[in-house]
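The structure appears right after this line, and notes come after that.
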Amino acid sequence: MRNNTKPVFVGNVKIGGGSVPIQSMCNTKTEDTAATIDQINQLYSAGCEIARLAVPNINAANAFDKICSASPIPVVADIHFDYKLALTCIANGAAKIRINPGNIGSMDKVKEVANACKNRNIPIRIGVNLGSMDEAIEGEFGRTPLAMVKSALAHIEILNRCDFDDIVISLKASDVSKTVEAYRLMSKSCKYPLHLGVTEAGTRYSGIIKSAIGIGSLLLDGIGDTIRVSLTAPPVEEIKAAKEILRAVGLYEGGAQLISCPSCGRCQIDQVRIANEVEKAIEHIKKPIKVAVMGCAVNGPGEAKDADIGIAGGDGCALLFKKGVIIRKIDEKDIVKTLIDEIGENL
Ligand code: SF4
């Protein structure tokens, strides 16, 4: 059961109210429109549903016009402090903006941004990061999850005073337990949808583990309405990781899924190479299909019974099976090719 949050629309993508779209952030210079559009297209092909771009200057804000027209998915403007950059991005087609109202300056400026968003049905994400909280709140509550929540509530109040309610919240720390605690507290304090992420999570390996634990445990609690896996890696890797996290918690069923055993002393085939080759060959498949690569026939077909198709290694050969039923024996050198051909026929 997902927490019942207020649905918010980012272009045609719904955040909250049950769906959990995947997002990522481009690492191109936003004003390099060709490179940025190219990267958005790569993200889209990988399964990204919302793309965010940094807006550090007016050239980046001006680039939104061209980028939003070309993008197949809604584009979010990530802005710090400068309300004029926000206004330019809103006028140029941004589908959401990420800005903290408490950092904009006078209430007149906040109202101007809130009204511009309201006129175009554009939500605002309030993004609180543990490392950059309001000094007064940090002074009172320390660098704690509670301080992050208090900070978010203060930003919400500013937007609510402008009669603005189309809000998404994120509360990120690079510490997993602080992140999880902050989101748990926040989910009890408001109905706004929550954008989940562990910030500065690290490189591919450690970053995926931290993100999977942080984002995954919240999703299992029913908390979270959109996710971004932050990795020091090409952004497409974030999408692959996000999909696997959603799959692991039962929120994503599309695409091919590989089930493979770790292998052990019973295995007589090159299990690691075969599993990696099969994984690479099926990563483009959009239809849901479970593929198993099991090291031996003792446990293979039985343990991978819910796989649509799979192989179990033998001595210089493998057994091909479908839904646990053995179909035929194949030569070891033909394992990958046969499996891929059979998958193609089963799609
Ligand atoms: Fe070992 Fe066979 Fe289990 Fe793989 S399926 S881990 S080879 S017993």
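The values are calculated or read from the model by the stated rules, or taken from the named source; none is laboratory data. These numbers were taken from a predicted model, which means no experiment stands behind them. Note that we place each Cβ from the backbone using ideal geometry, even for glycine, and neighbour counts take in every protein chain shown. In case anyone asks, the SASA skips ligands and DNA or RNA and just uses the protein heavy atoms, side chains included. Shrake-Rupley method; radii C 1.70, N 1.55, O 1.52, S 1.80 Å.
Taking the Cα centre of the range 8-248 as the origin and placing charges on Cβ (Lys, Arg +1; Asp, Glu -1), which of Leu53, Ile167, Met107 is farthest toward the positive end of the dipole?
Toward the positive end, the furthest listed residue is Ile167.
Between Asn4 and Asp334, take the C-beta separation as r, use R0 = 35 Å, and let me know the FRET efficiency to the nearest 0.05.
With a Förster radius of 35 Å, E is 0.10.
Counting other Cβ atoms within 10 Å of each Cβ, which chymotrypsin sites (Phe, Trp or Tyr not before Pro) in the range 52-99 have at most 16 and sit in a DSSP loop?
Passing both the DSSP loop test and the Cβ count: Phe81.
For Leu347 and Glu157, what does the FRET efficiency come to when R0 = 45 Å and r is the distance between their Cβ atoms, rounded to the nearest 0.05?
The formula returns an efficiency of 0.30 here.
On a C-alpha basis, how far is the centre of the range 180-215 from the centre of the range 323-343 in Å? Whole number, if you could?
Value for the Cα centre distance between the two parts: 40 Å.
So what is the relative contact order for the chain, in percent, with contacts set as C-alpha pairs under 8 Å and at least six apart?
Over the chain, the number comes to 13 percent.
Charges on Cβ only, +1 for Lys and Arg, -1 for Asp and Glu, centred on the Cα centroid of the chain; of Gln268, Ile245, Asn12, which one is farthest towards the dipole's positive end?
Comparing the listed Cα positions along the dipole, Asn12 ranks first.
Work from the charge dipole of the range 8-248 (Cβ charges, +1 for Lys and Arg, -1 for Asp and Glu, about the Cα centre) and give the residue of Gly224, Leu87, Cys26 farthest towards its positive end.
Gly224
What lysines sit close enough to Lys322 to cross-link, taking a C-alpha to C-alpha distance under 28 Å and skipping anything fewer than 8 places away on the same chain?
Here the lysines satisfying the reach criterion relative to Lys322 are Lys240, Lys243, Lys280, Lys286, Lys287, Lys290, Lys305, Lys333, Lys337.
How much length is gained if the chain between Val298 and Lys188 is pulled fully straight, taking 0.36 nm per residue apart and subtracting their Cα-Cα distance, in nm to one decimal?
34.7 nm
Using the crude model of +1 on Lys and Arg Cβ and -1 on Asp and Glu Cβ, and no other charge, please compute the dipole size for the chain relative to its Cα centre, in debye to 20.
Using Cβ point charges on Lys, Arg, Asp and Glu, the chain gives about 580 debye.
In whole Å, what is the distance between the alpha-carbon centres of the range 1-27 and the range 279-302?
When both Cα centres are located, 30 Å separates them.
Could you please report the charge total around Asp166, scoring K, R as +1 and D, E as -1 over all other residues with beta-carbon less than 11 angstrom from its beta-carbon?
Net charge in that neighbourhood comes out at +3.
So what is the relative contact order of the range 180-317, in percent, for Cα pairs below 8 Å that sit 6 or more residues apart?
19 percent
Could you work out the local net charge near Ile269, counting Lys and Arg as +1, Asp and Glu as -1, over the other residues with Cβ closer than 10 Å to its Cβ?
Net of charged neighbours comes to -2.
Tell me the angle of helix 235-248 to the major Cα principal axis of the chain, expressed in degrees between 0 and 90 and rounded to the nearest ten.
The angle comes out at about 70 degrees.
Got a sec? Which residues in the range 191-221 would a label at Leu146 touch, if it sits 7 Å along Cα→Cβ and we count backbone N under 15 Å?
none
Working with all protein chains in place, sort Cys190, Cys117 by solvent-accessible area computed with a 1.4 Å probe, largest first.
Cys190, Cys117
Whats the longest run of the chain with zero trypsin sites (Lys or Arg not before Pro) that are DSSP loop and have at most 14 other Cβ atoms within 10 Å?
1-119
How much length is gained if the chain between Asn115 and Tyr44 is pulled fully straight, taking 0.36 nm per residue apart and subtracting their Cα-Cα distance, in nm to one decimal?
Between Asn115 and Tyr44, full extension yields 22.5 nm more.
Expressed in nm to one decimal, what extension gain is obtained for the pair Ser132 and Ile58 from 0.36 nm per residue of sequence separation less their Cα-Cα distance?
24.3 nm
Report the local net charge at Glu342: Lys and Arg +1, Asp and Glu -1, summed over other residues whose C-beta lies under 14 Å from its C-beta.
Once positives and negatives cancel, what remains is +2.
Helix 176-189 against the longest principal axis of the chain: what's the angle in degrees, Cα atoms only, rounded to the nearest 10?
Taking the Cα atoms of the chain, the angle to 176-189 is about 60 degrees.
Note down the magnitude of the dipole of the range 256-346 about its Cα centre, charges +1 on Lys and Arg C-beta and -1 on Asp and Glu C-beta and zero elsewhere, to the nearest 20 debye.
200 debye
Evaluate E = 1/(1 + (r/R0)^6) for Glu283 and Ser106, where r is the Cβ-Cβ distance and R0 equals 45 Å; express this FRET efficiency to the nearest 0.05.
Efficiency at R0 = 45 Å is approximately 0.35.
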